[in-house]
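Asker: Have a look at this one before I ask anything.
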């Protein structure tokens with residue numbers, strides 16, 4: 001299958017971003033068991049400014065943007081603060097693989113929203129796959145299932161907001177350079193997290209400081225690669241590659257916490273992955289024949 005121009009670099013950026021984000025999730029889950037989540041989120045975004053700043057320096061400048069685009073960049077950062085915040089709040093409530101499995105609905109939502117908001121035309125069979133994927137998500141978080149209700153609500157809410165943000169990234173990506181978008185996003189996210197300082201604040205001890213730094217550095221680098229993925233290729237092309245996260249999540253969960261995902265979670269995640277890959281393959285054929 002011949003992929004559209006820009007697809008290969010976009011897919012590679014997505015695969016790198018997913019691997020980094022899964023490592024970030026594992027480290028955040030580890031820290032959230034010992035520290036208030038707001039503390040984890042604040043220090044994560046403090047250290048995330050380091051790679052964001054280095055990327056701007058490498059680019060040679062911070063792109064000058066009109067007010068409308070600057071506001072959209074900051075809107076992406078504010079939304080990201082809430083999307084990732086709800087996700088980190090949910091991580092201590094369940095095994096890592098379960099959380100990732102629910103988050104797999106995000107690529108399905110991105111594909112649906114890109115067809116609706118960006119007018120990226122989808123075949124009717126792709127819309128059926130979207131509905132099946134949403135049904136698989138409901139199966140994973142069903143009442144009385146393995147995932148607590150509060151965790152399910154947080155994950156689904158965060159995944160929906162995240163999907164809107166990725167579509168926004170695709171919308172403004174052609175006009176905003178990746179390093180500039182990453183910098184504004186990181187600054188806006190940190191600004192929101194700073195509001196939590198009066199509520200709770202903890203200086204990281206020396207023993208845990210390297211983990212806090214690692215989480216922040218991964219955030220900055222992963223966010224850049226995620227932005228690049230959606231700038232370089234259409235959302236329906238790169239979004240399904242987020243499904244590789246479940247493999248990393250299972251590996252981290254088993255090695256660090258001895259967590260083995262239930263069959264219902266594995267089954268629901270498999271259906272989600274199948275739906276996403278079907279959409280990717282169908283859309284790839286549509287673009288080749290167009």
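Asker: Calculate the spin-label point distance for residue 58 paired with residue 255, positioning each point 7 Å from the Cα along the beta-carbon direction, and give it in nanometres.
Answerer: It is 2.4 nm.
Asker: Pull out a ≥ b ≥ c, the square roots of the eigenvalues of the alpha-carbon gyration tensor of the range 133-218, then state rounded if a/c is under 1.5, prolate if not and a/b is larger than b/c, and oblate in the remaining case. Each step should come with its number before you reach the end.
Answerer: Numbers: a/c = 2.28, a/b = 1.17, b/c = 1.95.
It comes out oblate by the Cα gyration axes.
Asker: Let me ask you something else. Compute the length gained on full extension between residue 15 and residue 149: take 0.36 nm times their separation in residues and subtract their Cα-Cα distance, giving the result in nm to one decimal.
Answerer: On the way: separation 134, 0.36 × 134 = 48.24 nm, distance 3.01 nm.
Between residue 15 and residue 149, full extension yields an extra 45.2 nm.
Asker: Moving on to the next point. Kindly state, to the nearest 0.05, the FRET efficiency for residue 82 paired with residue 214, given R0 = 30 Å and r defined as their beta-carbon distance.
Answerer: Once the sixth-power term is evaluated, E becomes 0.85.
Asker: Also, I was wondering about something else. Ranked from highest to lowest mean number of other Cβ atoms within 10 Å per residue, what is the order of the peptides 200-211, 251-262, 164-175? Intermediate values should be presented prior to the final figure.
Answerer: Details: 200-211: 11.8, 251-262: 15.4, 164-175: 19.4.
Ranked by mean Cβ neighbours within 10 Å, highest first: 164-175, 251-262, 200-211.
Asker: What value, in deg cm²/dmol to 500, does the helix sum -39500 (n - 2.57) over DSSP H runs of n ≥ 4 give at 222 nm once divided by the residues of the chain? The partial results should precede the final answer.
Answerer: Numbers: 12 runs with 215 residues, N = 290.
Only helices count here, giving -25000 deg cm²/dmol.
Asker: Now, a different point. Sort 47-53, 100-106, 58-64 by packing, meaning the average of other beta carbons within 10 Å per residue, with the highest value first. Each step should come with its number before you reach the end.
Answerer: On the way: 47-53: 20.4, 100-106: 28.1, 58-64: 11.4.
Highest mean packing first, the order is 100-106, 47-53, 58-64.
Asker: Report the relative contact order of the chain, percent, no decimals, based on alpha-carbon pairs under 8 angstrom and at least 6 residues apart.
Answerer: Computed over the chain, the figure is 43 percent.
Asker: Can you pull the Kirkwood radius for the range 7-289, inverse mean 1/r over Cα pairs, to one decimal in Å? All intermediate terms of the calculation are to be shown ahead of the outcome.
Answerer: Details: mean 1/r = 0.0528 Å⁻¹.
Taking every pair of different Cα atoms in the range 7-289, averaging 1/r and inverting gives 18.9 Å.
Values in this text are rule-based calculations from the coordinates and carry no lab data. Note that this is a predicted model, so its numbers are computed, not measured. Methodologically, a virtual Cβ is constructed for each residue, glycine included, from the backbone with ideal geometry; neighbour enumeration extends over all protein chains shown.
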